[in-house]
Amino acid sequence: MKIAFTAPMKPLDHPVPSGDRTMGRLIVKALESIGHDVTVASRFRSWRKDGSDAIQAQVRTQALEEAERIAGDWERTGYRPDLILTYHLYHKAPDWIGPALADRFDLPYAIVEASRAPKRRTGDWALGFAAADSALERADAVAAIHNADAACLAEVVPHQRLSVLLPFLDAEPYLEASTAAKPLAALPLKLLAVGMMRAGDKERSYEILADALERVRTLPWHLTIAGDGPVLDRVRGLFPPERVTFLGALSPDALPALYARHDLLVWPAIREAFGLVLLEAQAAGLGVVAGDTFGVPDIVRDGETGLLSPEGDAAALAVNLRRVLEEPELADRLGSAARQHILDLHSLSSGAARLEALAEKAVRNHARRREASKS
C-alpha cells in the first residue's frame with residue numbers, strides 16, 4: 001500500500017527530540033517493516049503555542065496552500081497514494097492538509113493519536129478545535145493512543161471508525177542491553193529518571209519526584225537523571241547533590257545501556273499522554289514507579305510491571321518507592337514481567353499489526369462511504 005504521511009504536531013525531522021517525534025518515526029518504520037511504501041507528503045507544522053482566530057486563520061491559509069502544492073505535485077507526477085495517514089491531531093495542531101487531499105483525490109484518510117478537549121470548543125482555540133473536529137468527521141478510521149482519549153473521541157467518532165492503537169517501540173536494542181548487562185537489584189537501589197527539563201509539566205514531574213524521594217531519604221537509594229533543558233538549574237536545586245547524578249541529554253543509542261544499568265525507573269508523568277520512557281524502561285527489564293496519568297495504565301500493568309499512584313500525589317509515589325526500597329527483589333520481579341509485557345504487546349511487530357488493521361479499516365470504511373453516497 002502506498003501511504004502519504006503527515007504530522008501536523010511535529011515533522012519527523014524536527015530538530016528538537018521528543019516522544020512525539022519518536023512515535024511518528026516509529027509509525028513510519030513499523031509500516032515499512034511490513035512492506036508499505038510510506039512517503040512524507042508534507043513537513044508543514046500546524047502546531048502553535050498560542051491560539052486566536054487570527055493565528056489559526058493564518059495557519060489554515062498556509063496549510064491549504066501547502067495542500068494545493070502537494071496536489072499539483074501529485075497530478076504532475078501521477079502519484080496517487082492508497083491512504084493518507086495523519087499522526088497526532090488536536091486543537092493546537094489541526095489537520096487541514098489530509099482532509100483536503102483526501103477529498104480532492106477521493107482517498108481513504110486515517111488518523112493516529114487524535115485527542116479532543118471539549119472545553120476548547122470556545123475561546124482562543126475555537127477555530128482549531130472546529131478544524132480538528134472536521135478532520136475527525138472526514139476520517140475513515142481514527143485511532144486514539146490510549147483509552148482515555150478514546151472515551152472522549154467517542155462523542156464525535158462512530159464506533160465503527162474508532163479504535164485504540166496502543167503505543168509501541170523498537171524493543172530490540174533495549175532487550176539486548178538488558179539480556180547482556182542487567183544486574184539483580186541490590187541496595188542502594190539504582191533509580192533512574194529520564195525526561196526533558198522544560199517549564200510546565202516536565203518541571204512539575206521533577207518537583208513531585210524530589211518531594212517523593214525526600215519522604216524516603218532514610219532508605220538507601222541513588223538517582224540518575226538523564227535529560228537537559230532550559231530549567232536544568234532549577235531541577236538541579238531540587239535534589240540532594242550527594243545522592244543524584246546528572247548525565248545531561250544522551251543520544252538514543254546510549255539509552256538502552258543506561259536503562260540496563262539501573263534497577264527501577266521513577267517518573268511522576270504529570271500530564272503525560274503515555275510516556276515513551278516507560279515503554280523503553282520496561283523493554284530493558286525495568287519495573288516502573290510512576291503516576292497514573294492518561295495512557296500510563298494502558299502500558300504499565302499496576303502491581304505487575306510497575307506501581308502506579310495518583311497523578312501529582314508525591315506522598316503516594318513515595319509509598320510505592322518505599323515498597324521497592326524495602327524489598328529490592330520486587331524490582332527484579334517487576335522488571336522481568338515488564339520485559340515480557342513489552343514483547344507481548346508493545347513491540348514493533350505488535351505496532352505494525354495494529355497499524356495494518358487501522359489501514360484496512362480506513363480502506364473498508366471509505367469504500368462503504370463511497371457506496372452509500374451513490375445510493
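Estimated purely from DSSP H runs of n ≥ 4, each contributing -39500 (n - 2.57), the mean residue ellipticity at 222 nm for the chain is -14500 deg cm²/dmol once divided by its residues. Per-residue Cβ neighbour counts within 10 Å put 36, 159 in the sequence 159, 36, beginning with the fewest. Extension gain, residue 198-residue 179: 0.36 nm per intervening residue step, less the Cα-Cα distance, totals 3.5 nm. Bridging of residue 182 to lysines at a Cα separation below 20 Å is possible for 190, once same-chain residues fewer than 8 apart are set aside. Neighbours of residue 336 by Cβ distance under 14 Å: Lys/Arg scored +1, Asp/Glu scored -1, total -1. Think of each Lys and Arg Cβ as +1 and each Asp and Glu Cβ as -1; about the Cα centre, that makes the dipole of the range 81-205 roughly 600 debye. Across the range 76-89, coupling constants 3J(HN,Hα) worked out from phi with the 6.51/-1.76/1.60 Karplus curve, θ = phi - 60°, read 6, 9, x, 6, 9, x, 8, 7, 9, 10, 10, 10, 6, 10 Hz, and Gly and Pro carry x. Farthest towards the positive end of the charge dipole of the chain, among the residues 265, 245, 15, is the Cα of 15, using unit charges on the Cβ of Lys, Arg, Asp and Glu.
Compared with the alpha-carbon gap, the fully stretched path from residue 371 to residue 218 is longer by 48.2 nm at 0.36 nm per residue. Shown is the FRET efficiency for residue 329 and residue 147, computed with R0 = 35 Å from the Cβ-Cβ distance and rounded to the nearest 0.05: 0.65.
Counting only Cα atoms, the range 172-345 measures 37, 33, 32 Å along its principal axes, largest extent leading. Could you tell me which residue out of 274, 208, 175 lies farthest along the dipole of the range 172-345 toward its positive end? Charges go on the beta carbon: Lys and Arg +1, Asp and Glu -1, centred on the Cα centre. Toward the positive end, the furthest listed residue is 208. Modelled spin labels at residue 301 and residue 29, positioned 7 Å past Cα toward Cβ, are 2.5 nm from each other.
Using C-alpha pairs under 8 Å with a sequence gap of at least 6, the mean separation divided by the residue count of the range 172-345 gives a relative contact order of 27 percent.
In the structure shown, the pairs 29/202; 29/374; 202/361 are assessed against 31 Å; a Cα-Cα span above that value is assigned to 29/374; 202/361. With K and R counted +1 and D and E -1, the other residues having a Cβ less than 12 Å from that of residue 30 yield a net charge of 0. A Förster radius of 22 Å, combined with the Cβ-Cβ distance separating residue 62 from residue 122, puts the computed FRET efficiency at roughly 0.40.
Please work out the Cα center distance from the range 73-95 to the range 201-280, rounded to the nearest Å. With the range 73-95 and the range 201-280 each reduced to a Cα centre, they are spaced 37 Å. Projecting label points 7 angstrom from Cα along Cα→Cβ for residue 247 and residue 2 puts them 4.4 nm apart. GNM remark for the chain: springs join alpha carbons under 10 Å apart, and the peak mean-square fluctuation among 243, 25, 215 falls on 243. Counting only residues at least eight positions apart within a chain, or on another chain, the lysines with an alpha carbon under 17 Å from that of residue 92 are 10, 49, 119. Under the criterion of Cα pairs below 8 Å and six or more residues apart, the relative contact order for the chain equals 17 percent.
Read-outs throughout are calculated quantities, based only on the coordinates presented, and are distinct from any laboratory measurement. Note that the structure is predicted; figures quoted are calculated from it, not measured. Because the Cβ atoms are built from the backbone with ideal geometry, glycine has one as well, and the counts that use them run over all protein chains shown.
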